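J.: Take a look at the following structure, please.
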Amino acid sequence: MSVIYILISLSIVIAVVFFTAFIIAVKNGQFDDSHTPAIRILFDSESKQKQTNKYNKSKNK
Amino acid sequence: MLKFAHLLRGIMGKSCFHCGIEFENESFVVDQKDFCCIGCKTVYEILSEHELHSYYDIEKNPGISPLQFVGKFDYLDNKDISDQLLEFDENGIQIVNLFIPNIHCSSCIWVLEQANKLNLHIKDAQVTFPKKTVRLVYNSSSLSLKELVVLLASIGYPPKINLENKNTEKQVTDRSLLYKIGVAGFSFGNVMLLSFPEYFEVSEFWLDQYKPVFRWLMFAFSLPVVFYAASDYFISAYKSLKKGILNIDLPIALGVFVLFTRSTYEIIAHTGQGFFDSLTGLLFFLLVGRYFQQKTYAFLSFERSYKSYFPIGVTVIKDGMEENIQVKDVKKGDRILIRNEEIIPVDSILMKGNAEIDYSFVTGESNPIHKALGDKIYAGGKQKDQPIEIQAIRSVSQSYLTQLWSKDSMKNQEKSQDFALTNKISKYFTLVILIVAFSTLGFWLWWDPGYAAYVFSAVLIIACPCALALAEPFTLGNLLRIYGKRGFYLKNGQVINRMAEISSIIFDKTGTITANDQSKIHYHGMELNTHEQALLKSTLRGSNHPLSRQLYNMLRSQNILTMDDFKETAGKGIEATFEKDTIKVGSASFLNHKAATKVENTSVHISTNNNYKGKFVLQNMYREGVFELFKNLSKHYEIAILSGDNAQEEENLTKRSPSGTKMFFNQKPEDKYNYIKDHQKEGSKMLMIGDGLNDAGALKESHVGIAVSENVNVFSPACDAILDASKLKDLDKYLRLSKMGVHIIHLSFVISFLYNVIGLSFAVTGNLSPVVAAILMPLSSISIVAFTTLSTYYVSRKLT
């Protein structure tokens, strides 16, 4: 069997993997709200930062 | 006339730490922070008690002052109502999705998602910002829905619950377009890859050997595109054919069909590689275009009826017991309790209490009307004072206001959503293409019959109006976005087309060209001395009448005196005594003063020690730039003002408006509706700009109905567009922009016709190779998209 068949099927398999990933993402509602998660991710890091700040302060004392 | 400027409010002082409102009155201080009212202070205390200080770090003054809500949500105890709101209710866990119009910044998201810190029984909270909703999961055995809602209201986020979000149930979000784009994009990419080697048309042993594999793979990839992604176009084309209309989807569907059959034939007959690349690419661009113009404002609703304005439940008094029932169950003869700020749900008679009804939403009359016991109160008014008891004399659906909606005219015709311009063009386009195709067929049958079918299909392929179909959705979609950023929210792109056709503009007065809350106060009469000013301010302090509150807030702060005697006669005025001085504040008749004015103005008369001093006249404040706007608009449009108010402002308005402005006063909702209807019958295209339920009929009937709103989230009647009140002055620019938009679409049509002429010259002469198609078709689509996008931005930048 020629190597071209393997290459083509490989490329299609990879493409299908990305395609399914996209479909699953749509199905799970990833594209329904693009605004809130973008803000939410900032909160988590901020509250953690606060905790570490407090921790550092108490350490310094 | 003596302007009493020095009496009026001076430079403003502190600003509230919670809500950012600037105020002058004595402040509430906690932790060395100023608060404007006890509500804001309480919210701060609740948040700091639960260590949610970060709320104030994310944005400056993020809060909203909480409104009075005692008893407002009692109806949630009614199981029928709460069951309809809950998404899930089992094993002591309930899930509810609440619409909270107050969500406006990132601090809001943060504090609402921390709701479990406020109450342990809340398991999870998730905000969807574009829709302004929060989804709450909570333990129903220890926390009732009512308690949850009250908790949210107490931190300044009262949910808006009405019959409307009850009816819409769980909406399944339509994601099929995204799936289709995914399928088309996936196939497009792969087909391009596979068709690439054959573009060069070299005969080489290696290439020749694998040609069939490549071709059949492309065929396989195109199948889902034709049968799934393109299905909408086939369905729409079929429907339009059935109706005997030639819409734009028809040539698209025809093109897709011919592309697919001819390409399939070519690979079966081994004559070529087909046009699968063009086919998949074309559909991918078309679907992306569709997605692009699908921009909607999820948090706004353009289809509201009176139902969304009315509360979902009311408190009924039966045998001395309060009971919460659904508003639709209110029967004739029921005794209903209406609290401050609550809406009267049904035509009724006042039985008990002091009624100050604000009808601004129904009639356009801006000041509350006093009602005596036994007076008839129409549905739609808002109580502005202590709780009252009323007896229903009709059922909800038979009330004066709600009957407006049951009229046939309010239900019928949904204004067309199709792309009007494109469809107009496509009628001729389709005809021209068919004529060209058949005459080419005839020519080739005579010249070289073997080639005829090939050339015929080539013409149909290249004529596929992808550029034509893209021009309108991209231009309108882009303009929607531009308008949205500038506080003008349109229901859909077609409103822009209709806006460009407008010939005359009708304004409502109260709430539209005047601001609802702001009034200008002039003082006419003898000047008051400092002592009298202090007396006046102290007297007003004790009154809850809306006019007193308004006047109190306008007056400069004085030493507050404690009055020895204070007597308020509801709806008439106040009489107060301090040491030897008596002061009377109220209507002219209350002061026994013969009012000389012909037209009844909204005024507060003052007398001290039975000497008439003068009166404060409250005048509607016109929105900033309104008369400038009138001037600009009058150059191109006919302008008229339809007011539900009395004619007291006529003189002032005539003076300030450009000549030729028509004015009509004391207009009932039906009058406005008929005015629009009659004039549109005569052929003029009307733009109605209004704000209240009294304009609803006119807004619906007009060619374009724009609702002006100070808070776009709260409420607006059914309309085509919602305009932020502060942007009213830019209306002329927005109208000009809509005209420019239509010009851009026309220009794009010209460009796409040029592409078609080039393409057809290849096709008619029998020279359309797959490479030419693969270059020409995406090129025309992309250049149209680029042209419309860039030109709309350029035009909007220049105009606003």
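The values are calculated or read from the model by the stated rules, or taken from the named source; none is laboratory data. On a predicted model such as this, the values are computed, not experimentally measured, just so you know. Cβ sites come from the backbone with ideal geometry, for glycine too, and all protein chains shown count toward neighbours. These area figures cover heavy atoms from the full protein model, side chains too; ligands, DNA and RNA do not enter into them. Shrake-Rupley method; radii C 1.70, N 1.55, O 1.52, S 1.80 Å.
J.: Just one of the numbered conditions (1) farther than 19 Å from A:Ile12 by Cβ; (2) surrounded by 15 or more Cβ atoms within 10 Å (Cβ to Cβ) is not true of B:Ile268; which one?
T.: The one condition B:Ile268 does not meet is (2).
J.: Check whether at least one residue in region B:215-224 is under 26 Å from B:Leu468 (Cβ atoms) and of a type in the set (Lys, Arg), and report yes or no.
T.: No: region B:215-224 contains no residue that is under 26 Å from B:Leu468 (Cβ atoms) and of a type in the set (Lys, Arg).
J.: Look through B:Gly244, B:Gly255, B:Gly320, B:Gly289 and report the one residue that is modelled with pLDDT under 85, closer than 19 Å to B:Asn423 by Cα and open to solvent by 60 Å² or more (accessible area, probe 1.4 Å).
T.: Every option except B:Gly244 fails the conditions.
J.: Using the structure shown, decide if B:Leu779 is open to solvent by 50 Å² or more (accessible area, probe 1.4 Å) and in contact with a Phe, Trp or Tyr (Cβ under 9 Å, 6 or more places away or on another chain).
T.: yes
J.: Kindly provide the set of residues from region B:422-471 that are within 25 Å of B:Ser240 (Cβ to Cβ) and aromatic (Phe, Trp, Tyr), ordered by number.
T.: B:Tyr428, B:Phe429, B:Phe438, B:Phe456 - these are the residues of region B:422-471 that are within 25 Å of B:Ser240 (Cβ to Cβ) and aromatic (Phe, Trp, Tyr).
J.: Hey, can you tell me all the residues within region B:622-643 that are open to solvent by 60 Å² or more (accessible area, probe 1.4 Å) and assigned to a strand (DSSP E or B)?
T.: Once the filter is applied, which keeps residues that are open to solvent by 60 Å² or more (accessible area, probe 1.4 Å) and assigned to a strand (DSSP E or B), region B:622-643 yields only B:Glu638.
One line per residue, one yes/no per condition, for (1) open to solvent by less than 20 Å² (accessible area, probe 1.4 Å); (2) under 30 Å from B:Gly255 (Cβ atoms); (3) of a type in the set (Asp, Glu):
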| position | (1), (2), (3) |
| --- | --- |
| B:Leu470 | yes, yes, no |
| B:Gly477 | yes, yes, no |
| B:Ser504 | yes, no, no |
| B:Thr510 | yes, no, no |
| B:His522 | no, no, no |
| B:Leu536 | yes, no, no |
| B:Gly542 | no, no, no |
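J.: Considering only region B:40-69, state which residues are modelled with pLDDT of 70 or more and crowded, with 20+ Cβ neighbours inside 10 Å.
T.: The answer is B:Cys40, B:Lys41, B:Val43, B:Tyr44, B:Leu47, B:Tyr55, B:Pro62.
J.: Also, I was wondering about something else. Looking at the structure I just gave you, is B:Gln550 in a helix (DSSP H, G or I) and either open to solvent by 30 Å² or more (accessible area, probe 1.4 Å) or at pLDDT below 75 (or both)?
T.: Criteria met by B:Gln550.
J.: Answer with yes or no whether B:Ala786 is within 33 Å of the chain's Cα centre (by Cα), closer than 25 Å to B:Lys131 by Cα and surrounded by fewer than 23 Cβ atoms within 10 Å (Cβ to Cβ).
T.: Considered against the rule, which asks whether it is within 33 Å of the chain's Cα centre (by Cα), closer than 25 Å to B:Lys131 by Cα and surrounded by fewer than 23 Cβ atoms within 10 Å (Cβ to Cβ), B:Ala786 comes out as no.
J.: Restricting the search to region B:692-711, which residues are touching a Pro at 6+ places or on another chain (Cβ under 9 Å) and either in a loop (DSSP other than H, G, I, E, B) or modelled with pLDDT under 75 (or both)? Quick ask: steps written out before the conclusion?
T.: Here is the first cut: in region B:692-711, the ones touching a Pro at 6+ places or on another chain (Cβ under 9 Å) are B:692-700, B:705, B:707, B:711.
B:Gly692, B:Leu693, B:Asn694, B:Asn711 - these are the residues of region B:692-711 that are touching a Pro at 6+ places or on another chain (Cβ under 9 Å) and either in a loop (DSSP other than H, G, I, E, B) or modelled with pLDDT under 75 (or both).
J.: Related question: I'd like the residue in region B:130-150 that is without any contact (Cβ under 8 Å) to a residue 40 or more places away in the chain and open to solvent by 40 Å² or more (accessible area, probe 1.4 Å) and, out of all such residues, is farthest from B:Leu98 (Cα to Cα).
T.: So the residue we want is B:Ser142.
J.: Here are B:Ala458, B:Ala452, B:Ala437, B:Ala392: which of them is surrounded by 17 or more Cβ atoms within 10 Å (Cβ to Cβ), at pLDDT 70 or above and touching a strand residue (DSSP E or B) at 6+ places or on another chain (Cβ under 7 Å)?
T.: It is B:Ala392.
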